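Novice: Before I ask anything, here is the structure I am working with.
The values are calculated or read from the model by the stated rules, or taken from the named source; none is laboratory data. Remember, predicted model here, so these are calculated numbers, not experimental data. Cβ placement follows ideal geometry from the backbone for every residue including glycine, while neighbour counts extend to all protein chains displayed. Heavy atoms of the whole protein, side chains included, go into the accessibility calculation; ligands, DNA and RNA do not. Shrake-Rupley method; radii C 1.70, N 1.55, O 1.52, S 1.80 Å.
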Amino acid sequence: ADGSKHCVMSEAVVADFVGRVVTPETTREEPVSGRVLLSRRRLVIATGDDRTTIPLASVFDVAIGTVPGDLQTFFSDSVTVAYERGDARATALVEGEPDDLDRFVTLLFATLLADVTVTVRHPAAIGGRVVDGEDRPATISIAAGSITFDGCDRTTTVDLASVVDYDRTTRTIDGTRRPAIVFRHAPERQTVTSIVTVLNPRSMTILGRYLRREYAAVLEDLDDVRLPPEALEILVSIHAAGGAAPLSAIVTGDASRTTMLLDTLREDGLVVDGETGPTLTRLGTMAVTSRLEQVNS
């Protein structure tokens, strides 16, 4: 394993930890102990006498917590790196202590997306109102839990914990159709829509994975929430008011029934009490977004 570090020494190692891994070079069916080293140019995984070297330029996807069925019994906190290997495709799976893995994943995304140029329209909409924004070129920089789009005259930072909706689309930039990501985030009470157009499909996939990192985890929590139609109507009413509304604005029938439903929404983590009345949490905003998508589809 020590020899594996020499191949990246000249490139400055940005991550170095010991975890459990499965690579094309490992011959055992279960994970084995391995040293994981990341530089600006490559990922190296060393297991005893075996070494897997993955040029970062060959990586086309990074999946967090997604493990092939035959390995699910071995891995919990894990990341899968998919890459091109000659004319074929291969994967390497890495598991580690939560702190080590979180740091590694952030650094991996930051390295893969470094110097990637995109076009950003922010804001494209505020609440449900489309605004007259401009498409601006920007580069990406990543820190733990956030992503920043650095433009010539504007810098936009998005907290991943504020992302409430995500979708892929295509847009025409300079006469050419390009893949794009539309995502909504709620840094304050109002939901803001941003559109990022990506020139490179590989970068599009990796950026999408990063934006979905925390969003997907909260979406799993939403799957466990079961609400009656009346409760959903209350959430939609608060959302329509900008994310917060006085109680009088959401009572459409019996006041005691509304109060009972609000108690349920508080218990489920969908609503909290704000200065002006019931206020949607991030989970509540996502519940409304999901509901509206179902109605419009």
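Novice: Which residues, taken from the range 43-64, are open to solvent by 20 Å² or more (accessible area, probe 1.4 Å), under 22 Å from Arg213 (Cα atoms) and in a strand (DSSP E or B)?
Specialist: Phe60, Asp61, Ile64
Novice: Does Ile206 count as in contact with a helix residue (DSSP H, G or I) (Cβ under 7 Å, 6 or more places away or on another chain) and in contact (Cβ under 8 Å) with a residue 24 or more places away in the chain?
Specialist: yes
Novice: Restricting attention to the range 1-30, and to residues there that are open to solvent by 60 Å² or more (accessible area, probe 1.4 Å) and at pLDDT 90 or above, which single residue is farthest from Glu97 (Cα to Cα)?
Specialist: This residue is Asp16.
Novice: While we're here: Listed residues Leu108, Leu112; which is in contact with a helix residue (DSSP H, G or I) (Cβ under 7 Å, 6 or more places away or on another chain), at negative phi, in contact (Cβ under 8 Å) with a residue 12 or more places away in the chain and of a type outside the set (Val, Ile, Thr)?
Specialist: One residue alone meets the criteria, Leu112.
Novice: Sort out which residues of the range 209-227 are at pLDDT 85 or above and either assigned to a loop (DSSP other than H, G, I, E, B) or among the aliphatic types (A, V, I, L, M) (or both), and write them in order of number.
Specialist: Leu211
Novice: Kindly state which strands (runs of 3 or more DSSP E) lie completely within the range 105-204 and contain at least 3 residues that are open to solvent by 40 Å² or more (accessible area, probe 1.4 Å) and modelled with pLDDT of 90 or more.
Specialist: Filter on the range 105-204 gives 117-126, 135-143, 163-173.
Novice: Looking only at the range 235-256, decide whether some residue is open to solvent by 80 Å² or more (accessible area, probe 1.4 Å), farther than 30 Å from Ile64 by Cβ and among the charged types (D, E, K, R).
Specialist: Yes, the range 235-256 contains at least one residue that is open to solvent by 80 Å² or more (accessible area, probe 1.4 Å), farther than 30 Å from Ile64 by Cβ and among the charged types (D, E, K, R).
Novice: Looking at (1) at pLDDT 90 or above; (2) over 20 Å from Thr205 (Cβ atoms), which one does Ala88 not meet, given that it meets all the others?
Specialist: That leaves (2) as the condition not met.
Novice: Also, quick follow-up: Give all pairs with beta carbons closer than 7 Å in which a residue from the range 264-281 that is closer than 17 Å to Ser248 by Cβ and of a type in the set (S, T, N, Q) meets a residue that is in a strand (DSSP E or B) and open to solvent by less than 30 Å² (accessible area, probe 1.4 Å); count only pairs at least 6 apart in sequence or on separate chains.
Specialist: Within 7 Å, the pairs are Thr276/Ala244; Thr279/Ala244; Thr279/Val271.
Novice: Please determine, by comparing only the residues of the range 94-103 that are closer than 11 Å to Ile64 by Cβ and more than 15 Å from the chain's Cα centre (by Cα), which one is modelled with the highest pLDDT.
Specialist: Among those that are closer than 11 Å to Ile64 by Cβ and more than 15 Å from the chain's Cα centre (by Cα), it is Val94.
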